[in-house]
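Provided herewith is a single structure, encoded as structure tokens, for subsequent inquiry.
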Ligand code: C2E
Ligand code: CA
Ligand code: CA
């Protein structure tokens, strides 16, 4: 029998004699196979050829070969029994033992008209796990499988009598629930179930060997009001709502609304263009100067990604980085940008530092330290002038893994900065236990400090914290000379912001370097 998920084996089997035998059996239209199984085998065979989905391949082959082996070895086994068993396998997800997509859709198709007759309203909830891929990549498929089994158990616990649940495939689950028929309360009731799902799936999962993994889930909801939608449209709507929920970040719940179709189409188009842009290395590094607040000199740069889009102009990373992460392209994009930035920065005069942002998802990639080492070796950029900026959200979930990776990067001689400090957990434990060199104070406090006393107090406290822990402090978002003066008085070491220079291409930084080597701080304001 085929090992599930083994594409090569699946393909060999597909070309092999058993499968051809089954095809012949299928083609001969033997009555005994029953209409259902014929349809199933046909569907799966078509799906296999089209999508080459590993799971489906293994799954189909399991079901089909089970029938084959029973048929071949039979004589004794009753064919009908074999077919019943195969039909049940064909409708159950073997990992979680939940109904699978096919069974669920069949049940939804039956439940809707029945609900209409009896006066129920149904809500279809599509659940997609957040960060599952990262957990699967970091800890292996076996752990991923156990995680999915535990997710299934938690979801089952939420079900009430009459509700239905299924694993649709991968990390996608679905529930069909009956909700209050009062029109005003329907959305509220469905949303409340969805929120229970996001809360329960955001709780840490304890796996074997003391491993604890935190994931989460996004939920898309579509509601079937008395006969207003057929089951296929309902599924399409739940899918659109889920897409929208995923697009808005993690742990989101969205209910289908008219007009979502257009939004989704636009996003899908953007996703396609972005995928092509990453593949063609069209995302480019820009650089923003970092200034020593006491001397007014440029001491380094932060590399900030930019997407020059043919129609939309320069797209901001705040808009496209979350999508790059979702598309699973963040490692590829970052590697390409970092190599390019190290190469460019290696040619600059002076001893400028280069700071690169690393996404939380990337900080779970065990290859990251090796990549950084190779990038430095290949470009000749010195390790002690490279800085890696991470935000505290990187430590949600598997802090041990993040620490391991940061320690290895630090061991190369690279510096580490904690970005956006003040906006996240602002955990002293993170600061104390992780090997940071720098603290970046978020622009939201810096920008407001001149007019808002509370923000000024926070900036002062963070600068003091940095000083007492021996970390240098960087103020982001310095837009006015007044802010720069306040920061200087507080003893903040480094400033970054429009006052000193906006992010620009490498040529721009070289120009700033040339023009400002011996100029005073106030002259940066005119750049
Ligand atoms: P960040 O790391 O906090 O970067 C600083 C952001 O503040 C940049 O936005 C910068 O252009 C902006 N900024 C600089 N000076 C000022 C100022 O005086 N006033 C105001 N209002 N803003 C200022 P940007 O370039 O749009 O980047 C946004 C975020 O995208 C970055 O925030 C970072 O989290 C992320 N990002 C950028 N490039 C990369 C990248 O290569 N990889 C990853 N993973 N994330 C990136
Ligand atoms: Ca940053
Ligand atoms: Ca920042």
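For segment 321-435, what are Rg and Dmax over the alpha carbons, in angstrom?
Every Cα atom of segment 321-435 included, Rg and Dmax give 13.9, 41 Å.
Same structure, new question: Be a star and scan segment 411-454 for residues whose amide nitrogen sits under 11 Å from the point 7 Å along the Cα-to-Cβ vector of residue 480.
Within reach of a label on residue 480, which here means backbone N under 11 Å from a point 7 Å along Cα→Cβ, segment 411-454 contributes 447-452.
Okay, which of segment 203-244 sit inside 11 Å, backbone N to the point 7 Å along the Cα-Cβ direction of residue 157?
Under 11 Å, as judged by backbone N against the label point of residue 157, lie 203-206 of segment 203-244.
With a/c under 1.5 counting as rounded, go ahead and sort segment 415-491 into rounded, prolate or oblate using the C-alpha gyration tensor (a ≥ b ≥ c being the square roots of the eigenvalues; past the cut-off, prolate if a/b is larger than b/c, else oblate). Working shown, then result.
Values: a/c = 1.97, a/b = 1.74, b/c = 1.13.
Since a/c reaches 1.5 and a/b is larger than b/c, the shape of segment 415-491 is classed as prolate.
For segment 175-296, what is the per residue volume of the convex hull drawn over the alpha-carbon atoms, in cubic angstrom? Each step should come with its number before you reach the end.
Values: hull volume 30.4 nm³, N = 122.
Once divided by residue count, the hull of segment 175-296 is 249 Å³.
Still on this structure, please answer the following. Between residue 511 and residue 346, what FRET efficiency comes out of the Förster formula 1/(1 + (r/R0)^6) with R0 = 22 Å and r the beta carbon distance, rounded to 0.05? Before the final figure, lay out the partial values.
Numbers: r = 18 Å, r/R0 = 0.82.
Calculated value: 0.75.
Let me ask something additional. Any chance you could run the full-extension gain for residue 248 through residue 88? It's 0.36 nm times the residue separation minus the Cα-Cα distance, nm to one decimal.
The residue 248-residue 88 span can extend by a further 53.8 nm.
Bins of 5 Å, beginning at zero and ending with the bin holding the largest distance: percent of Cα pairs per bin for segment 237-295, please.
For segment 237-295, the binned pair fractions read 4, 15, 16, 14, 11, 11, 9, 7, 6, 4, 2, 1 percent.
Obtain the nm distance between the two label points defined at residue 452 and residue 429 by a simple spin-label model: each point lies 7 Å from its Cα along the Cα-to-C-beta direction.
2.8 nm
A follow-up question, please. If you find the alpha carbon centre of segment 432-470 and of segment 218-253, how far apart are they in angstrom?
Taking the Cα centre of segment 218-253 as reference, the centre of segment 432-470 is 42 Å away.
Using label points projected 7 Å from each Cα along Cα→Cβ, tell me how many nm separate residue 236 and residue 183, to one decimal.
In this crude label model, residue 236 to residue 183 measures out at 2.3 nm.
Then there is this: At 0.36 nm per residue, minus the direct Cα-Cα distance, what do residue 309 and residue 149 gain on full extension? Give it in nm, one decimal, please.
Values: separation 160, 0.36 × 160 = 57.60 nm, distance 4.23 nm.
Answer, rounded to one decimal: 53.4 nm.
Can I ask one more? Please work out the Kirkwood hydrodynamic radius for segment 275-359, using every pair of different C-alpha atoms, and report it in angstroms with one decimal place. Working shown, then result.
Numbers: mean 1/r = 0.0723 Å⁻¹.
Kirkwood hydrodynamic radius for segment 275-359: 13.8 Å.
If packing is taken as the mean number of other Cβ atoms within 10 Å per residue, what is the order of 234-240, 258-264, highest first?
Values: 234-240: 21.9, 258-264: 12.4.
Top of the packing list down: 234-240, 258-264.
Would you mind putting 271-281, 399-409 in packing order, based on average other-beta-carbon counts within 10 Å, highest first?
Working: 271-281: 15.2, 399-409: 17.5.
For the peptides 271-281, 399-409, the packing ranking is 399-409, 271-281.
Can you pull the one-decimal nm distance between simple spin-label points at residue 378 and residue 203, each 7 Å off the Cα toward Cβ?
In this crude spin-label approximation the distance works out to 4.5 nm.
FYI, it's all coordinate maths here, none of it is from the lab. Treat the numbers as computed from the prediction; the structure is a model and nothing was measured. Ideal geometry is used to build each Cβ from the backbone, glycine not excepted, and the neighbour counts take in all protein chains shown.
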